[in-house]
Amino acid sequence: GVSVRNSATGDQVAEMIPWSNLAWLQVHQGHLPLWNPFNGLGLPLAFNWQSGAFSLPVVVSYAFPLHLAYTVQIVLTTVIAGTGAYVLARVLRVGVIGCAIAGTVFELSGSFMGWLGYPHASVMSWAGWLLAVAILIVRGGHRVRNISLFAVLLALAIYAGQPEILTMLVASAIIVVGTMVIVNARSSQRSGRRSRPLIDLVLAIGAGLGLGAPLILPGLQVLSASTRNSGALVAQTDVGKSLPPHDLFHLLVQGYNGLPIAGSHVFGDTVYFDTAAYVGVIAIALAVLGLIRGWRRSDIAAIGVLAVVIALVVFAPPVEALFLHLPQIQTIDWHRELMVLGLCIAVLAGAGMDVMVRREAWRSTMVVLGGVLAGCLVLLLVLLVFGTSGLSDTDASLRRQSLLWPLITTGLAMAVVGGLAAWTARKGTRPSPRFPRLSAGQFAAGLLLLVETAFLIASGAPLWSSSVNGVSATPPVSALVRSVGNATVGFGAYTCFDGPSTTSLGILPETNILYGIHEFDFYDPILPKRYFQAWAEVSTTGAGVPIFNSFCPAIATAAQARRFGVEYVLVSHGAAGPTGAVFDRQVGGEDLYRIPNSSAATLTPTTAEGGLPPVDAEGTPVAVSHPSPSSWKITTSSPTDQVLRLRLTNQPGWHATIDGHPLDTEPYAEVMIQARIPAGRHVIELSYWPPLFTLGLIVAGGCVILLATASVVARRRHRSPVPAHARPRDLPGTEDDSED
């Protein structure tokens, strides 16, 4: 009976906020947030390429109260994105007003706002900063500083998660640098200088990867064992499919195909935030002006080329088809580069705004702005009249409503540009008596900035809401917590998110983290393939949807539950429980069944020959304690040799000891862990710390030392006295200092 305000933010409720809360709690308990013990049989937390547990916004949020932590991450991500676009425009030598519109348009653009709250936007928030430093690398001068700064920024983007967005960022930097090198090639007389920016960029990328090694190395290990590492993913989904060309209208209009909010709905598009791209008519007009006026400059040309390349990749099916045949990157959703396109338009709009301020009296400036605005106005009117053909009355009404703000802002922009043209035609560039410190161009630019900001805020605000109360448990959830404690809860029906036939039981996968309930299901981007192999051994029914990152098996028998340590099973009220299970109580509208002799850890005698017992051999439950979220402690006592079987995901990084000495472990039932325990009383401890995480820390530390050493050496060389006979043109880097 609850009306969902924004259906497109479901993953934030089901994944991002729970992981954020879990990481916050673990850090405040004095632990690194490495492991999620509440879903499946436990899964990596820091290395799942989504949680961003070590990203800058998340790290800063650890200093705030828990109920504000996620909001802090949202705000800081937005600030990073806006200031990055501002700095990029400043590096392009754009004035303050132009930089302001660049930052405003990017951070409030449809593509960025659509992904805000997801790691996609967290990674992309560093785009402006990275491209700004990439341009400085091409200009030369302060080489070590620029390489080091690019490496640090790239590492910050890496820790934000989402490797596919990271790939897009690196590719964008390469396109910008490559374009600038080609454009500048004619003006350079030294062949060594032509390749130096590319060499510096490669060094910077390498150093950034080194600084990000603590996440990259164990993250790639987790990725290699997941369903993401499968060519079938491309064939079974829309991954890599380009958008239809008519989706270019989304650059001008918010909600052209509806909105995923209460009172509206999305039609024509599969996923709202995959197609949202609005930047507004004003931004488009200014971007065209900026590109026309600055295309001879290598840096402006590079941003323009990047925008064109992205537009072709996103909206031209033949171009994107090429990427489907490239190894390793064929599973990337390239249409998510709409965020980079939004950045390019925002920065070019800043350059156009700067032209308008500095060249207000140029007739051609007014002609370009007026022409683009008039063309967009005609297009919007055509869409208003003919764009609703074939739609239902409801959808047609939604589309007409979406055109209202663009029409109003376009009309206001034309009035501003017309007023500026009339003023400069009569009085030239003389300031107004009422505003003696403002030129006509500055005044008009300020008005356009206000109108554009109003459009962007009005477009994005309905998508957002927040609460300072945090998550509260309903009475049935509280009853479930009291009933099961730390035990693992499974489900008697298929509960994945695959359509209206889904049976909703328990709590949404990953959302259960918020209540401290351990469920035998998960919704994780790095879904281990071994789970499906393990479930196939005990059941012929499906266990989930690998391509949608879901594992949610329907437990039909107590034997199935015991194999995986599931101690309770929820079914719909009145439905039959698993065979061999014992009814416990009713919880809300569901019935809770208990599984006899099921436990997270059991001791099973070895065979007469000393071998491993059968997979489903009866075992004796033993108690487990958890000194930390990523550690187990078990005390065993037996007169004979036993096999300790742990319902714990056999993920690389788990280390076991027995009485303080190393203990060898073996896989159990494809996905779990077992170990041979000799007779007697023993204390077994397990902890999760991937060796590749240690190696990554060493690599990152080495990169820090290397960059710091290079910086010190460069500083000393810069301060060293210059021989009297040396001419400035003979000094390394002198030819570039004027551009820095």
To the nearest 10 degrees, how steep is helix 96-108 against the longest Cα principal axis of the chain, on a 0 to 90 scale? 30
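Quick one: dipole size for segment 596-694, taken about the Cα centre, charges +1 on Lys/Arg Cβ and -1 on Asp/Glu Cβ, in debye to the nearest 20. Walk me through the intermediate numbers first.
Working: 5 positive and 9 negative charges, 60 e Å.
It works out to roughly 280 debye.
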To the nearest 10 degrees, how steeply does helix 393-402 sit against the main Cα axis of the chain, on a 0 to 90 scale? 50
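Quote the relative contact order of segment 583-661 in percent (integer), defining contacts as alpha-carbon pairs under 8 Å separated by 6+ residues. The partial results should precede the final answer.
Details: 85 pairs, mean separation 22.3, N = 79.
The normalised contact order for segment 583-661 reaches 28 percent.
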With all protein chains present and a 1.4 Å probe, the order of GLU107, GLU618 from largest accessible area down is GLU618, GLU107
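Suppose a student asked you for the relative contact order of segment 355-423, using Cα pairs under 8 Å spaced at least 6 residues apart; what percent would you report? Don't jump to the answer; show the numbers that get you there.
Details: 35 pairs, mean separation 31.4, N = 69.
Relative contact order comes out at 45 percent.
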Please work out the average accessible area per residue across the chain, using the 1.4 Å probe convention, and give it in Å². 43
Summarise the accessible area of the chain (1.4 Å probe, protein heavy atoms) by the percent that is carbon and sulfur. 62
With DNA, RNA and ligands ignored, accessible area of VAL60 (1.4 Å probe; Å², nearest 10): 50
Angle between the chain longest axis and helix 17-28 axis [Cα atoms, degrees, rounded to 10]: 80
With a point put 7 Å past each Cα toward its Cβ, work out how far THR270 is from ILE182 in nm, to one decimal. 3.1
Diagonalise the Cα gyration tensor of segment 12-162 and give the resulting equivalent ellipsoid semi-axes, square root of 5 times each eigenvalue, largest first, whole Å. 31, 17, 12
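The values are calculated or read from the model by the stated rules, or taken from the named source; none is laboratory data. Just so we're clear, the structure is a prediction, and the values are computed from it rather than from any experiment. Cβ coordinates were reconstructed from backbone atoms using ideal geometry, including for glycine residues, and neighbour counts include every protein chain displayed. Quick note on the areas: whole protein, heavy atoms, side chains included, nothing else; ligands and nucleic acids left out. Shrake-Rupley method; radii C 1.70, N 1.55, O 1.52, S 1.80 Å.
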